[in-house]
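Read through the structure below, which is laid out as structure tokens, and then see the notes.
The values are calculated or read from the model by the stated rules, or taken from the named source; none is laboratory data. What you are looking at is a predicted structure, and each value in this text was computed from that prediction instead of being measured. Please note: Cβ atoms are built from the backbone with ideal geometry, for glycine as well, and neighbour counts cover all protein chains shown. Accessible surface areas use protein heavy atoms only, side chains included; no ligands, DNA or RNA. Shrake-Rupley method; radii C 1.70, N 1.55, O 1.52, S 1.80 Å.
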Amino acid sequence: MNANLSSRSDRRSDPSRTLDSGRRIVPRKRCLRKATAYFNNTCCCYNGTLSDISATGAKIRFPAPTPLPNEIVLLWETSKRRAKVVWRKENSVGIAFV
């Protein structure tokens, strides 16, 4: 069996997962923090709200639909992380830290 299929199957059958966590392996924590998504070598940015976060990614909400590129640098409080956009929906984006 393909290793990718095997690990995907193992994640689906993990009893610690709930409907709330969806496809996430690491649970997210709710938070409401101001955040800024930078791109184009920090020449451009959009301000938003970090609504939940985990060790592997986060969800950011913006005041309006925002045309973010696929790779950003996210800055919030005293933290700064490179990230890839993994999903987009209306005024929100999901990111994975890289």
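Okay, here's what the table says:
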read-out	value
Carbon + sulfur, % of accessible area of the range 54-98 - ligands and nucleic acids excluded, 1.4 Å	51 percent
Spacing of the two label points (7 Å from each Cα toward its C-beta) at Ser51 and Arg82, in nm	2.8 nm
